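Asks: Pasting in a structure now, in structure tokens, and then I'll have a few things to ask.
Every number in this text was worked out from the coordinates using simple rules, so none of it is lab data. What you see is a predicted model; the values in this text were computed from it and never measured. So basically every Cβ, Gly included, is an ideal-geometry build from the backbone, and we count neighbours across all protein chains shown.
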Amino acid sequence: MFVFPGRSDERALAEKGQEANTSQEAFPALSLTGILRTKKDVEWVLTGGVSWGSREFTQYPAFGVDPEGKPRFDLSDAAPEKWSEPVIVPSLTLRYRTLWNPDRAVVLYSEFGLGLFVYDGIKVLPAVTLLGARYGGRHLYFFLENTYSPVAALVHGGLGWRF
């Protein structure tokens, strides 16, 4: 999962003379999914996930005030203060899945829905899987998806167990 700061986040940090390192914001993700098949070729998918990592901050020293009375910061300082903060990002996503070929060994599907994640407040994102595939036996199966959602971005894969 990828979390990028918005312009309002960047402005708020800049007013305090701070900067966040966005390269530290691609986190690994773990997820747990429940699937309910309502028709031969339709499934409802509910996924809870969590991502974690750290975000690095830089604080530049103040050296005066501007005409509006706000502090100015020295961005050319060779040794600004740096620190990291842990980040945990939970998510919950509901998707509607259409199976293209439910009777085949390799089942292909597409899905769409909505997801929520918590990162500086609750945010809503669309969830779209352009193409997903699963292969397996009676209980254990493997899946791989090209997905864009709060659960993952670009590629999502793993193991599944059919009860």
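Asks: For region 75-109, which chymotrypsin sites (Phe, Trp or Tyr not before Pro) are in a loop by DSSP, counting at most 15 other Cβ atoms within 10 Å?
Replies: W100
Asks: Taking a ≥ b ≥ c as the square roots of the Cα gyration tensor eigenvalues, with a/c under 1.5 meaning rounded and otherwise prolate when a/b beats b/c, else oblate, which class fits region 90-147?
Replies: Prolate, because a/c is 1.5 or more and a/b exceeds b/c.
Asks: Report the local net charge at D103: Lys and Arg +1, Asp and Glu -1, summed over other residues whose C-beta lies under 12 Å from its C-beta.
Replies: With Lys, Arg at +1 and Asp, Glu at -1, the neighbours total +1.
Asks: Select one label from (1) 12.5; (2) 9.2; (3) 11.5: the one whose number is mean projected area of the Cα convex hull in nm² as derived from the coordinates shown.
Replies: (3)
Asks: Taking a cut-off of 16 Å between Cα atoms, list the aspartates and glutamates near K70, but don't count ones fewer than 8 places away on the same chain.
Replies: Partners within reach: E15.
Asks: Would you calculate a helix-derived [θ] at 222 nm for the chain, using -39,500 (n - 2.57) for each DSSP H run of n ≥ 4 and dividing by the full residue count, to the nearest 500?
Replies: It comes out at -1500 deg cm²/dmol, rounded to the nearest 500.
Asks: Let me ask something additional. Kindly provide the trypsin sites (Lys or Arg not before Pro) of region 43-131 that DSSP labels as loop, not H, G, I, E or B, and whose Cβ sees at most 12 other Cβ atoms within 10 Å.
Replies: Passing both the DSSP loop test and the Cβ count: R104.
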